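What follows is one structure encoded as structure tokens, with my remarks underneath.
The values are calculated or read from the model by the stated rules, or taken from the named source; none is laboratory data. Please read these numbers as outputs of a predicted model, since none were measured by experiment. Cβ: placed from backbone, ideal geometry, glycine included. Neighbour counts: every protein chain shown. Heads up: the accessible areas ignore ligands, DNA and RNA and are worked out on the full protein's heavy atoms, side chains in. Shrake-Rupley method; radii C 1.70, N 1.55, O 1.52, S 1.80 Å.
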Amino acid sequence: MTIIIRKKMFSALFSLFLFYAMLLPVPGECSTTWELVGDDLRETVERMDRRDSPNMVEIEYDGRLITVDMADLILMSDGNGGQTLELIDPEKYAEQLANAPVFRAGNHFETDSFRDVSPAHLGNLPGAQEITRREYEEEQLARRWLEIVEDLTLRPIDEKALDLVREYREAKNAVPPIIGSAGALVLSYSTYIPRIICRPMYVTNVILQPGEMVTGLHPGDPVRWTFVPGRSGSGDNEQVHVMIKPLMADISTNVIITTDRRVYQLDLVSSATNHMPSVSFSYPGESIRAWDSFIADRRREREARASSPLASGFSISPEDLHFDYEIRGRDTLRWKPVRVWDDGVKTYIQFRRGSMIRSVEAPVLVVYERRREVLVNYRVAEDMYIVDRVFDTGALIVGTGAHQDRVVIRRLNRR
């Protein structure tokens, strides 16, 4: 872009006008020439009027001659030691560019009536700015973004969602707070968004559940609010504390605290006169989860007892075990026991691995009392019978009459 300053005086143009007028003997025949001279003179006067301001200059922009304000020009560095001039906002001069004369020799003005002014000379004039090409492009991009108008109208479904959010924030159905240990205000977790009142120069202590581990803290205003971690207790009873303090009164924000168990969403308000010294939480769903955990633990214990060959319910020491048993019966019997022992309370009869599964009929256990066969309580645990008593003589029986098979078990070395 080349800056050209008009030097031709108004008086010279006026003399030129008179000269044209003298050459026209019949005014009616030269009305077209008269209009051209008048338009030229009027446009020149308008440009000179605009140039009366000390910051107005004539420039050649995009092949046309326009008058601009120095404050609208940028002196731009090209990174190689050179400088060029650009308009900050070309749209501002769109009308003038549309009507401006094309700058070339023989059209309205002679080129020798203008002189070039270097960018360095322009830099000494008031209002000139120097920026890099990258800064200029970023500014032009920012201007284009500012011109974009987005449709931010909320849809009906968005309005309904906001109504639900407002209802949740207003805590119409919330569980009221209570006073807990050491005067802490106990708030019900997840029934509403708690609003915690803080105060400058005072610390509000937010106490989390024992054993809960903080994984993140995200405040809305980390500049005017401070959040300091703390902890108390040890082991499974260790508790994390979030110490909150505002730097000034009459401000508000929110904070989201993520843990390994849940997410806390808290609204924070700074008051000049009131504050909550300590805040903890109750967890309505914890009692149900505690029962679920209790039932699951009992189920695992029962399964462990059922699968354990020594699940007697008593502590057993090696001295209590008695392995001296006599087992009499045909070795061809698939269900003949391989081992029998007792712990002083229960008797354990062990069969070959998988033998009870392959047997067509499981043997029945009886014990002998006063020469009579008596049925006893026992349960099956895989390849084992667990009898709820200790006996001296018993028998495993399969079948009846002449087709009966029997294995006799006798306890030796009575104690």
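Overall, the accessible surface of the stretch 354-406 at a probe of 1.4 angstrom is composed of carbon and sulfur to the extent of 48 percent. Here the Karplus relation 6.51 cos²θ - 1.76 cosθ + 1.60, evaluated at θ = phi - 60°, turns the backbone of the stretch 164-176 into coupling constants of 5, 4, 4, 4, 5, 5, 6, 6, 5, 10, 7, 6, x Hz, with x for every Gly and Pro.
For the stretch 234-305, with every protein chain kept in place, what is the accessible area per residue (1.4 Å probe, Å²)?
60
Rolled with a 1.4 Å probe across the full set of protein chains, the surface gives Arg406 an accessible area near 80 Å². Counting only residues 5 or more places away or on other chains, whose amide H sits under 5 Å from the amide H of Arg389 once H atoms are built in the peptide plane? Under 5 Å from the amide H of Arg389 lie the amide H atoms of Thr347, each far enough along the sequence or on another chain. Taking all protein chains as shown and a probe of 1.4 angstrom, Arg143 keeps an accessible surface of around 80 Å².
Out of the total accessible area of the stretch 182-302 (probe 1.4 Å, heavy atoms of protein only), what percent is carbon and sulfur? With neighbouring chains kept in place, the figure for the stretch 182-302 is 56 percent.
Could you provide, to the nearest whole Å², the per residue accessible area of the stretch 334-408 with probe 1.4 Å? All intermediate terms of the calculation are to be shown ahead of the outcome.
Numbers: 4280 Å² over 75 residues.
Ligands and nucleic acids excluded, the result is 57 Å² per residue.
Sorting the segments 341-348, 367-374 by their mean number of nearby beta carbons within 10 angstrom, highest to lowest, gives 341-348, 367-374.
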